[in-house]
1. Could you put SER90, SER260 in order, starting from the residue whose Cβ has the fewest other Cβ atoms within 10 Å?
2. Give the percent of DSSP beta bridges with both residues in the chain that are antiparallel, rounded to the nearest 5.
3. Take the cross-link list LYS121/LYS147; LYS148/LYS168; LYS40/LYS289; LYS23/LYS315 and give me the ones stretching past 24 Å between alpha-carbons.
4. Please work out the FRET efficiency for the pair ARG267 and ASP151, using the Cβ-Cβ distance as r and a Förster radius of 22 Å; give the result to the nearest 0.05.
5. Going through the cross-link list LYS65/LYS95; LYS252/LYS290; LYS9/LYS283; LYS198/LYS270, which pairs have a Cα-Cα distance over 26 Å in this structure?
6. Using a Cα-Cα cut-off of under 12 Å, which aspartates and glutamates could be cross-linked to LYS155, ignoring same-chain neighbours fewer than 8 residues away?
7. Helix 235-248 against the longest principal axis of the chain: what's the angle in degrees, Cα atoms only, rounded to the nearest 10?
8. So how far apart, in nm, are the two label points at PHE207 and ALA41 if each is 7 Å from Cα heading toward Cβ?
Amino acid sequence: MNEIQFQHKPVMVGGVLEYLRPKAGGIYVDGTLGGGGHTKAILKTANCRIIGIDRDLEAIFAAKKNLADYKDQVTFVHNNFSNLPAILRSLDIPKVDGILLDLGVSSHQLESPSRGFSFQKDAPLDMRMDQRDDLTAGKIINFYDEKKLADLFYKYGEERYSRQIAKKIIERRGQSPRRGLSPIRPIRTTDELVEIIKSATPPEYRFNLPASRQGSKIHFATRVFQALRIEVNDELKILEDFIPKAAQLLAKDGRLLIISFHSLEDRIVKHTFRDLAQNNPKKYKILTKKPITPSVEEITRNPRSRSAKMRVLEKTIEDR
């Protein structure tokens, strides 16, 4: 167990409470529990019950500590939110009044020296949110072939130098013809990967990347690390499959809130919400024509919130 304290700054708490509308006796799901920040805010607002789910065991332990005053109101579940239907069946809960997902990587995961999520700290190439999973960033970097790496960096990272970076990775790791794809010189750490990305991209690209919409500079390794994290944790496929299942689990007037942090996630949420509302106009209603974003004050307090977007879907009638 990593001894670093699990830091968690919940994003857009005011917006979450406004749209979730916690009520006494209600049952809500926090599908990305993290350190428990959103859940604590909900429980301070209403005497309700929370099903807190996280695939990161360290998050579960941290949340139990942070939510000790509310332990009788929270059911902690070490699992993937994608398994929510089975989780609720096991708890004999047919419907819930609200579901929240905050898809951001926690400060703890980024800052932990053993997790490998961040290019700012040298660490093993891991990036698993659930340490029980088999696939790691290191396995991807060392065993995917050149085309698969290039396609991954382009599709999930929108990296314009994806082919050059993939080629440099193959050159750097080497490949023994007698051992198939086994690397001769395995790439093991985040620092090694950052150096490879640096060697594969021209200086004018590295130093002139566009700023985010809030003005912060994008690091030249950001897109490759994002792509690896998405692949390791199968994030987009899980999200796409989850939303229709989650909508079905809502009670009448229940709401599904999803906070995303990059365009690929937001696109899935936007399009899936739209499809649900168009195909079932009497059953589902989109409450956010445009996504809710953090205030300037919140971004100043918590710079990692700067790319957050929240969309909300409401279920308007009971299932027949």
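1. SER90, SER260
2. Antiparallel bridges make up about 40 percent of those DSSP assigns within the chain.
3. LYS121/LYS147; LYS40/LYS289
4. Here the calculated transfer efficiency is 0.75.
5. Correct reply: LYS65/LYS95; LYS9/LYS283; LYS198/LYS270.
6. Reachable aspartates and glutamates: GLU231.
7. That helix lies at roughly 10 degrees to the long axis.
8. Inter-label distance under the simple model: 4.0 nm.
Read the figures in this text as sums done on the coordinates, not as results from a lab. Since the structure is predicted, the reported quantities are computational estimates derived from the model, not experimental observations. Here the Cβ is made from the backbone with ideal geometry for all residues, glycine too, and neighbour counts use every protein chain on show.
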